[in-house]
Amino acid sequence: MDKASLIGILIGGVCLFLACNHICHGNWMMFYSSEGVLMVGGGSISVLFMALPMDKLKQAGGYTKRFLFHKGISAFETVELMGRLSEKARRDGILALEGDMGEIKDPFLVSGLKMAIDGVDPEKIEQTLRLEVAAMQERHKAGKKFFDLIKIYGPGWGLVGTLVGQVGLFGMLGTGTIEQMGKALAVAVGATMYGALIANAICGPMGDKLGMRSAEEIQSREMMLQGIMSIQAGDNPRVTQDRMMAFLPKTDRAKLAKAA
């Protein structure tokens, strides 16, 4: 599980719990509004169905899983891995990398190395791998889009719920009881609260995390691609590593230099 995501969820949940508990003194039902849940929850779901095709909606569980669990390797680890593979290919020949295929968990890297070992033309390898990167990027956009839609339209539906509550409140002026008007006002405020909560505390951060991970994975794929092309060309392992080091910040470059 991604530790940063878990820590963020725990901090936000604890802060919200303490603040709400201080206000309600144990009467948690004062924060519940069935009308607000219906407007914000149901409205957000309707937006998803209107904006996304069914095959993307069926992957909602996968989007959440990708937020909580991250299996990709970091840019630092990618440089180290490609450096080891380059050294082995230079020392024992590129065919020697066949024995490492079972240990490499990244299917993108396995696919590229297999093509290089089989002697596929470098241009065709690069073309195929870049098509895979483009397809992966489009898949990741769908996940971010899922949460961005709720982030954008959840508060909008909250505003609709607020207006509905206010209309009910104004309609009861002079005829309704204090209890009835208070309930209408609670509906208005509750809908706004639900919309703000779902956008700023849940879906907004989740969408941003998926977007950042997508950018990191694309960078990792580009590094692997450069490494594969360098290995196939028979470059010196140092040259291979230097080509990938260009993607790293100075702090990581210093760590690699010390490790070497």
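Observations
- Inter-probe distance in nm under a simple model that places probes 7 Å from Cα toward Cβ, at I9 and A135: 3.1
- For Kirkwood radius over Cα pairs in Å, the value calculated from this model appears in (i) 19.9; (ii) 18.7; (iii) 22.1 under label (iii).
- Euclidean distance of C-alpha centroids, region 1-37 and region 126-177, integer Å: 21
- For the pair region 45-113 and region 197-260, the centres of their Cα atoms are 12 angstrom apart.
- Candidate cross-link partners of K124 among the aspartates and glutamates, defined by an alpha-carbon separation under 15 Å and a same-chain spacing of 8 or more, comprise E132.
- For peptides 118-125, 42-49, sequence by mean Cβ density within 10 Å, most packed first: 42-49, 118-125
- Divided by 2.2 N^0.38 Å, where N counts the residues, the Cα radius of gyration of region 51-149 comes to 1.35.
- For I104, no residue 5 or more places off, or on another chain, has a built amide H under 5 Å of its own.
- Using 0.36 nm per residue and subtracting the Cα-Cα separation, the extra length available between M245 and L16 on full extension is 78.2 nm.
- Helix axis angle, 204-232 relative to the chain longest principal axis, alpha carbon, degrees: 10
- Electrostatic bookkeeping for L149 treats Lys and Arg as +1 and Asp and Glu as -1; over the other residues with beta carbon under 15 Å from its beta carbon, the sum is +3.
- Across the cross-link table entries K145/K209; K71/K144; K3/K56; K3/K255; K56/K209, which are compared at the Cα atoms, the separations over 20 Å belong to K3/K56; K3/K255.
Read-outs throughout are calculated quantities, based only on the coordinates presented, and are distinct from any laboratory measurement. Everything numeric in this text was worked out from a predicted model, so none of it was measured. Please note: Cβ atoms are built from the backbone with ideal geometry, for glycine as well, and neighbour counts cover all protein chains shown.
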